[in-house]
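Participant: Supplied in structure tokens, the structure appears directly below.
The values are calculated or read from the model by the stated rules, or taken from the named source; none is laboratory data. Everything numeric in this text was worked out from a predicted model, so none of it was measured. Backbone-built Cβ (ideal geometry, glycine too); neighbour counts: all protein chains shown.
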Amino acid sequence: MRILYFSRAYTTHDRRFLEAIAARHEVWYLRLEDDAVSYEARPVPRGVRVMEPLAAGVRISNPEDYLSIVPAFEAALARARPDMVHAGPIQSCAFLAAQAGFHPLLAISWGSDLLVDAHRDDNWNRSTRFALQHSDMLATDCDEVSEAAHRVAGVGRERIVQFPWGVDIDAFGPGTDRLELRCKLGWEECAVAISTRSWESVYGVLPLLESFSAAHYSQPRLRLILAGDGSLRPDVERLISAGGLERAVWLPGAVPNDQLPDYFRAADFYVSFARSDGSSISLLEAMATGLPVIATDRASNREWIAAPSSGVLVPSGDTRAMAAALLAMANLSGSRRREIAACNRAIAGNRADWRRNVSKLLAAYEVLAPHAGQVKS
């Protein structure tokens, strides 16, 4: 089967999907944007046919503006001649594919597109409903996102394939930090937290830093590895400087995927203050590595975190609660930390194995295969 995989950019998640699909099918990869930000340093998997970005150099902020590039997408369809289109996020790639009238169309949600973007305004809501109602199947990663699709566009469970995107259970596991990061930083006797979320408002990086500053004042042993980057970098650097946290917060930048397990192993616990999440991959990577976790109290995270056996859930935006959670984690006993580590590793092994979970997506392709390659007016 020939699949047109249509995504906004090139991320680690895209690479994993492409690799899994290419093992079974012929894949053509179309990006919406040629983004200057490097999300994934590794090359596109072998065997994937890469097409020119659809809207190179163009930044579109309103979904209805995508209508002007529907002809360019139709030209890409004519070139690739796919049997099926796999497209997401919803208001960009899936919306474009739906406007082109191609079937079968498998739309895939990236979480915040349905939990946040669908409710921005009438245009975003209308585009969301159009994309979902003109898709043959929707892929989601958790109950919260599936339920959002039903509320927004009446998508029934019979049209949803749900699976956590998952992690490489073999790569992310307990062990020794081979990079000796704690030693290099002089943090051997510290309580080290790690966050690997992008520095964007939806991921709560600034409230996290405010909370960390308060917790560090009470517990000077506390340290934070704040990996990644994003548009809020000037604000991140300003908060660190204002709080005198230069020696307590390390900014290593975007960490190569093959080094991420060692960064997690260098930490004592993981923290995320995101306002919106599906089944967060960084959360699952941390749990697979055996870390206790702190995350925002929302339905998607409650699917994974059973507090207090696996971590702590804090109300969204509540910086006092986050500071208290950071202090509680910093003061965990070694035996309690080991208990949580075993629990989280077991949860990840049972439910977050990428190789097992992606089989649900490949099975969905087979369900749609009898209707392959149709264009409806």
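Participant: Quick test of your reading of the structure: SER218 fulfils all but one of (1) within 26 Å of the chain's Cα centre (by Cα); (2) of a type in the set (Gly, Ala, Ser); (3) under 18 Å from LEU327 (Cα atoms); (4) loosely packed, with under 14 Cβ neighbours inside 10 Å. Name the failing condition by number.
Facilitator: Unmet condition: (1).
Participant: Is it true that GLU26 is closer than 27 Å to GLN162 by Cα and touching a residue at least 24 places away in the same chain (Cβ under 8 Å)?
Facilitator: yes
Participant: Only residues in segment 159-175 that are among the β-branched types (Val, Ile, Thr) count as the first member; pair them with residues that are surrounded by fewer than 18 Cβ atoms within 10 Å (Cβ to Cβ), Cβ under 9 angstrom, at least 6 apart or cross-chain, and list the lot.
Facilitator: From residues that are among the β-branched types (Val, Ile, Thr), the pairs are ILE160/HIS150; VAL161/LYS360; VAL161/ALA363; VAL161/VAL367; ILE169/GLY349; ILE169/ARG355; ILE169/ARG356.
Participant: Out of the residues in segment 42-65 that are touching a residue at least 60 places away in the same chain (Cβ under 8 Å) and assigned to a helix (DSSP H, G or I), which is nearest to LEU18 (Cα to Cα)?
Facilitator: PRO63
Participant: Right, here's the next one. Could you please find all residues in segment 303-319 being surrounded by fewer than 19 Cβ atoms within 10 Å (Cβ to Cβ) and in contact with a Gly (Cβ under 9 Å, 6 or more places away or on another chain)?
Facilitator: Answer for segment 303-319, where residues must be surrounded by fewer than 19 Cβ atoms within 10 Å (Cβ to Cβ) and in contact with a Gly (Cβ under 9 Å, 6 or more places away or on another chain): SER316, GLY317.
Participant: Of all residues being among the polar types (S, T, N, Q) and assigned to a helix (DSSP H, G or I) in segment 329-344, which is surrounded by the fewest Cβ atoms within 10 Å (Cβ to Cβ)? Just the residue, please.
Facilitator: So the residue we want is SER335.
Participant: Something else now. Could you please let me know if SER146 is of a type in the set (S, T, N, Q), in contact with an Asp or Glu (Cβ under 9 Å, 6 or more places away or on another chain) and more than 20 Å from TYR29 (Cβ to Cβ)?
Facilitator: It is false that SER146 is of a type in the set (S, T, N, Q), in contact with an Asp or Glu (Cβ under 9 Å, 6 or more places away or on another chain) and more than 20 Å from TYR29 (Cβ to Cβ).
Participant: Kindly indicate whether any position in segment 318-328 is assigned to a strand (DSSP E or B), in contact (Cβ under 8 Å) with a residue 12 or more places away in the chain and over 25 Å from HIS13 (Cα atoms).
Facilitator: No, every residue in segment 318-328 fails to be assigned to a strand (DSSP E or B), in contact (Cβ under 8 Å) with a residue 12 or more places away in the chain and over 25 Å from HIS13 (Cα atoms).
Participant: Quick one: CYS183 ticks every box in (1) touching a Ser or Thr at 6+ places or on another chain (Cβ under 7 Å); (2) within 30 Å of ASN344 (Cα to Cα) except a single one, so which number is it?
Facilitator: (1)
Participant: Here's a follow-up. So which of VAL255, VAL236 is in the same structural domain as MET322 (by TED's automatic domain parsing) and in a helix (DSSP H, G or I)?
Facilitator: Working: VAL255 fails: in a helix (DSSP H, G or I).
Within the list VAL255, VAL236, the selection yields VAL236.
To keep it simple, each residue is scored yes or no on (1) crowded, with 20+ Cβ neighbours inside 10 Å; (2) within 19 Å of GLY166 (Cα to Cα); (3) touching a Gly at 6+ places or on another chain (Cβ under 6 Å).
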| site | (1), (2), (3) |
| --- | --- |
| PRO256 | no, yes, no |
| LEU260 | yes, yes, no |
| ALA267 | yes, no, no |
| VAL271 | yes, yes, no |
| ALA274 | yes, yes, yes |
| SER280 | yes, yes, no |
| LEU284 | yes, yes, no |
| ALA295 | yes, yes, no |
| ALA299 | no, yes, no |
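Participant: Within segment 74-117, can you find the residues that are of a type in the set (Phe, Trp, Tyr) and free of Cβ contacts under 8 Å to residues at least 60 places away in the same chain?
Facilitator: Residue satisfying the conditions is PHE95 alone.
Participant: Another question, if that's okay. Name the single residue that is nearest to the chain's Cα centre (by Cα) among those in segment 49-94 being surrounded by fewer than 18 Cβ atoms within 10 Å (Cβ to Cβ) and within 14 Å of THR128 (Cβ to Cβ).
Facilitator: The extreme case among them is ASN62.
Participant: Quick one: in segment 76-119, of everything that is in contact with a helix residue (DSSP H, G or I) (Cβ under 9 Å, 6 or more places away or on another chain) and among the charged types (D, E, K, R), which residue is nearest to ARG197 (Cα to Cα)?
Facilitator: ASP113
Participant: Which of the helices (runs of 4 or more DSSP H) contained wholly in segment 95-193 include at least 1 residues that are buried (at least 23 other Cβ atoms within 10 Å of the Cβ) and of a type outside the set (Gly, Ala, Ser)?
Facilitator: Correct list: 95-100, 112-115, 122-133, 143-153.
Participant: A further question on this structure: Does ILE347 satisfy the criteria of being assigned by TED's automatic domain parsing to the domain that holds PHE264, under 20 Å from the mean Cα position of the chain (by Cα) and surrounded by 17 or more Cβ atoms within 10 Å (Cβ to Cβ)? Full working, then the answer.
Facilitator: Working: assigned by TED's automatic domain parsing to the domain that holds PHE264: yes; under 20 Å from the mean Cα position of the chain (by Cα): yes; surrounded by 17 or more Cβ atoms within 10 Å (Cβ to Cβ): yes.
Taking the combined requirement at face value, the residue satisfies it.
Participant: So which residues in segment 197-225 are under 13 Å from ILE294 (Cβ atoms) and assigned to a loop (DSSP other than H, G, I, E, B), if there are any at all?
Facilitator: From segment 197-225, those under 13 Å from ILE294 (Cβ atoms) are 197, 204, 207-208, 211-212, 215, 222, 224; that's our starting set.
Passing the criteria: ARG197, GLY204.
Participant: A further question on this structure: How many residues does segment 258-273 contain that are hydrophobic (A, V, I, L, M, F, W, C) and assigned to a loop (DSSP other than H, G, I, E, B)?
Facilitator: Adding up the residues that qualify gives 3.
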